[in-house]
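Q: Here it is, the structure, as structure tokens.
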Amino acid sequence: MGANGPAARAREVVSDTIIPTPRAPAQVVRRVRCECMLDRLFHRANSALDPAQYRAGLRFRGLWRRAARQTPLTQSYRPHAGDAGRRAAGPDPATWAVLELNEALSRLTPPQRRAVIATCGMDEPTGLRTRTLRAGLCALDAFWRGQDSPVERQPS
């Protein structure tokens, strides 16, 4: 069941009810409440992130992980039959994730880019970059919502 030391006891385990597919019955799952640095920043008593920034950070984290995942390579020695210029399935999910990450990162300043990649992508502590991280997550939230100018959100 894992380690039983002080660090393992400090991890809070919560139960959530999920619906895996639209017609499936609800299931209760157990998970660790804080799985990454974003969770730690959002779920602490004096939360450093608001819900929109948290959602933007989780979306970036998901894209980062999908882009880093290697696509399995298959090979066939038979000649390819069909249209030579097109692929039937289109680009793989890792390629789409890289394209969306590049578009999203182009909306950030270099310090914001470093803070978002370090905290959301690489799961590093923020250190003194919390304000820069929040500004970057606001810019990403505005980009993904289709707004033109991001607005710095004040913690409430």
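Q: Considering (1) hydrophobic (A, V, I, L, M, F, W, C); (2) open to solvent by less than 100 Å² (accessible area, probe 1.4 Å); (3) modelled with pLDDT of 70 or more, say which one Ala3 fails and leave the rest.
A: (3)
Q: It is to be established whether one or more residues within the stretch 13-23 are assigned to a helix (DSSP H, G or I) and at pLDDT below 80.
A: no
Q: Also, quick follow-up: Residue by residue through the stretch 54-63, note down the ones that are open to solvent by less than 10 Å² (accessible area, probe 1.4 Å) and within 16 Å of Cys34 (Cα to Cα).
A: Gly57
Q: Considering only the stretch 32-48, I want to know if a residue exists there that is open to solvent by 100 Å² or more (accessible area, probe 1.4 Å) and either under 18 Å from the mean Cα position of the chain (by Cα) or modelled with pLDDT of 85 or more (or both).
A: Checking the stretch 32-48: at least one residue is open to solvent by 100 Å² or more (accessible area, probe 1.4 Å) and either under 18 Å from the mean Cα position of the chain (by Cα) or modelled with pLDDT of 85 or more (or both).
The values are calculated or read from the model by the stated rules, or taken from the named source; none is laboratory data. The shown structure was predicted, so the numbers you read here are calculated from the model rather than taken from an experiment. These accessible areas exclude ligands, DNA and RNA; they are computed on the full protein's heavy atoms, side chains included. Shrake-Rupley method; radii C 1.70, N 1.55, O 1.52, S 1.80 Å.
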